[in-house]
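Just so it is clear, none of the values below were taken in a lab; they were calculated from the coordinates. Since the structure is predicted, the reported quantities are computational estimates derived from the model, not experimental observations. Heads up, the Cβs are rebuilt from the backbone with ideal geometry, glycines too, and the neighbour counts pull from every protein chain shown.
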Amino acid sequence: MTDNQILHISMLNSFNLITGRATFDEIMDSGVGFFSHMPTQAIDSEVFKLIIWYFQDREMFEYCAELSKIYKEIFNEDGTPKEVVCECEYPDIETYVPRAICSICNNIIRR
């Protein structure tokens, strides 16, 4: 596999994980578990923008649009996270993508 192929697969894997099209385990079990971000940590604004730029540079605009929508949901204009952290005693997780969200208070669940 070439470096360009590895880079492209890592971007696709990050896209699929961020958008919820695939789980971490599904990607890892595929045999091509490369990522362009640290999938076990909250994604940084600059890394997120880099992923968007990568797809924009390759004229894969449908990917850019989907990622840009998610970016606006989780980051402020200055790149700081929009975080209101769950304080429920027993949070209920309905969705994990792009972050774990409590279905009781609709806030982000963090350690």
Quiz prompt | P(r) of the chain over all Cα-Cα pairs, binned every 5 Å from zero, in whole percent | solution = 2, 11, 20, 22, 20, 13, 7, 3, 1, 0
Quiz item: For residue 3 and residue 41 in the same chain, what is the full-extension length gain: residue separation times 0.36 nm, less their Cα-Cα distance, in nm?
Solution: 11.3 nm
Practice problem: Count the net charge of all other residues whose Cβ sits under 14 Å from the Cβ of residue 101, scoring Lys and Arg as +1 and Asp and Glu as -1. | Solution: -2
Practice problem: Sort by residue number and report every cysteine in the chain with no other cysteine beta carbon within a distance under 4.7 Å. | Solution: 64, 88, 105
Quiz prompt | Karplus-derived 3J(HN,Hα), 6.51/-1.76/1.60, for each residue of the stretch 78-90, Hz, glycine and proline x | solution = 7, x, 7, x, 7, 10, 10, 8, 4, 10, 5, 5, 10
Quiz item: When the label point is put 7 Å from the Cα of residue 62 along its Cα-to-beta-carbon vector, which residues of the stretch 4-21 have a backbone N closer than 15 Å?
Solution: 16, 21
Self-check item: Residues of the stretch 1-44 with amide N under 16 Å of the 7 Å Cα→Cβ point at residue 83
Solution: 38-44
